[in-house]
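Participant: Let me begin by handing over the structure; questions about it come next.
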Amino acid sequence: LRLHLAPKPLAGRHALVTAGPTWEAIDPARGITNRSSGRQGYAVAQALAEAGAAVTLVSGPTSLNPPTGVRVVRVESALEMRAAVLDRLPEMDILVATAAVADFRPAQKASRKLAKTALQGPLELCVNPDILAEVAAHAQRPKLVVGFAAQTHDALALGAAKHQAKGVDLIAINDVSQAGLGFGSEDNHLVLIDAGGTHDLGRADKLMLARALVSHITSLLSSPTL
Ligand code: CTP
Ligand code: CA
């Protein structure tokens, strides 16, 4: 019998990953959501667990099976996702926000299905809280806060602006304008921005990219400037 003891660089670390879309109900049958299969986030959770971290995955509605060894907390709306994240913040060392959080929710949620004739004027929306920005500014901020940005154009400039505005350590930008990449697909293309500059991880399947992201996270956590 041979034991393969792979190095576990994140052993003893706790990581929280948000993934998937959120669902903002109008009534029990209708709602507003975002495009996201959850695949990239589930792959990040898996890669963090492979690296030895204790991983909690706060997931919006997806059709994916949870990765092995990962604790999954299922949520529906952005407000539920926020509460699930803030509840667990004190023990976290790493947050990776991959979720495609709906930016708006209906101002009212009907408890019974509305007749289509019930909507007279425009649907009233309110802005959802920015979970990532809130965590990055929190008194119990994890040591490393990582965001994602899916962009259809000007990916590097808009991603760099989000890195600044949200106060995160690292942002992973994916260009979702190309066919066969990003939304719903197996493959992705990630470019990382941190205080050290830009790192193109190239185009690969989502698990390979997640592993590359996790090795970048590992090196940031061991760097003396953090
Ligand atoms: N995010 C979040 N909570 C929100 C909106 C976004 O935590 N209410 C996180 C996402 O999980 C992602 C990052 O913020 O890690 C960037 O999300 P994105 O939608 O690209 O940026 P926004 O700030 O919402 O800007 P916009 O949609 O206008 O491009
Ligand atoms: Ca958004």
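Participant: Would you kindly state how much longer the chain becomes between residue 124 and residue 215 on full extension, computed as 0.36 nm times their sequence separation minus their alpha carbon distance, in nm to one decimal? Could you put the intermediate results ahead of the total?
Facilitator: Numbers: separation 91, 0.36 × 91 = 32.76 nm, distance 4.33 nm.
Extending this stretch completely gives an extra 28.4 nm.
Participant: Counting pairs of alpha carbon atoms under 8 Å apart in space and at least six apart in sequence, what relative contact order in percent does the stretch 1-135 give?
Facilitator: Numbers: 271 pairs, mean separation 42.3, N = 135.
The normalised contact order for the stretch 1-135 reaches 31 percent.
Participant: Taking K and R as +1 and D and E as -1, what net charge do the other residues with C-beta under 13 Å from the C-beta of residue 123 add up to? The partial results should precede the final answer.
Facilitator: Numbers: positive: 30, 105, 109, 116; negative: 24, 27, 124.
Net charge in that neighbourhood comes out at +1.
Participant: Which peptide among 115-123, 159-167 comes first, and what is the full order, when sorted by highest mean count of other Cβ atoms within 10 Å? If you can, show how the numbers build up before the last one.
Facilitator: Working: 115-123: 7.7, 159-167: 16.7.
The most tightly packed comes first, giving 159-167, 115-123.
Participant: Project the alpha carbons of the chain onto their principal axes and report the range along each, largest first, in whole Å.
Facilitator: Result for the chain: principal-axis Cα extents of 66, 41, 38 Å.
Participant: Determine the gain in length on full extension of the stretch residue 137-residue 86; use 0.36 nm per residue of separation and subtract their C-alpha separation, reporting nm with one decimal.
Facilitator: Working: separation 51, 0.36 × 51 = 18.36 nm, distance 1.20 nm.
This chain segment gains 17.2 nm when fully extended.
Participant: Now for a different question. With a Förster radius of 41 Å, plug the Cβ-Cβ distance of residue 116 and residue 178 into 1/(1 + (r/R0)^6) and report the FRET value to the nearest 0.05.
Facilitator: Working: r = 37 Å, r/R0 = 0.90.
With R0 = 41 Å, the Cβ-Cβ based efficiency is 0.65.
Participant: Counting only protein chains, not ligands or nucleic acids, how are 141, 35, 203 ordered by accessible area (probe 1.4 Å), most first? Walk me through the numbers before you get to the answer.
Facilitator: Working: 141 75, 35 165, 203 140 Å².
Largest accessible area first, the residues go 35, 203, 141.
Participant: I want to check the label-to-label distance for residue 35 and residue 222. Put each point 7 Å from Cα in the C-beta direction and report it in nm to one decimal.
Facilitator: Reported label-point gap for residue 35 and residue 222 is 3.9 nm.
Participant: In addition: Check cross-link reach from residue 206 to the lysines: straight Cα distance under 21 Å, and skip same-chain residues fewer than eight apart.
Facilitator: In chain and number order, the partners are 8.
Participant: Sorted from largest to smallest, which semi-axis lengths in Å does the alpha carbon gyration tensor of the stretch 87-193 give for its equivalent ellipsoid, taking the root of 5 times each eigenvalue?
Facilitator: Values: eigenvalues 178, 93, 33 Å².
Calculated on Cα positions only, the semi-axes equal 30, 22, 13 Å.
Participant: Let me cross-check residue 26: its accessible surface, 1.4 Å probe, with only protein heavy atoms counted, in Å² to the nearest 10?
Facilitator: Here the residue's solvent-accessible area equals roughly 40 Å².
Participant: Can I ask one more? Working with all protein chains in place, sort 185, 215 by solvent-accessible area computed with a 1.4 Å probe, largest first. Intermediate values should be presented prior to the final figure.
Facilitator: Details: 185 20, 215 70 Å².
My answer, sorted largest first, is 215, 185.
Participant: Continuing with this model, one more query. Whose amide H sits under 5 Å from the amide H of residue 125, counting only residues 5 or more places off or on another chain, with H placed in the peptide plane?
Facilitator: Hits under the 5 Å cutoff: 107.
Participant: Leaving ligands and nucleic acids out of the surface, order 62, 22 by accessible area at 1.4 Å, largest first. If you can, show how the numbers build up before the last one.
Facilitator: Numbers: 62 35, 22 0 Å².
The ranking, largest first, comes out as 62, 22.
Participant: Kindly report the accessible area of the chain per residue (heavy atoms of protein chains, probe 1.4 Å, no ligands, DNA or RNA), in Å².
Facilitator: Values: 11640 Å² over 226 residues.
Result: 52 Å² per residue.
The values are calculated or read from the model by the stated rules, or taken from the named source; none is laboratory data. Note that the structure is a prediction, hence the values are computed from the model and not measured. Methodologically, a virtual Cβ is constructed for each residue, glycine included, from the backbone with ideal geometry; neighbour enumeration extends over all protein chains shown. Each accessible area value is taken on the protein alone, full model and side chains, heavy atoms only, with ligands, DNA and RNA left out. Shrake-Rupley method; radii C 1.70, N 1.55, O 1.52, S 1.80 Å.
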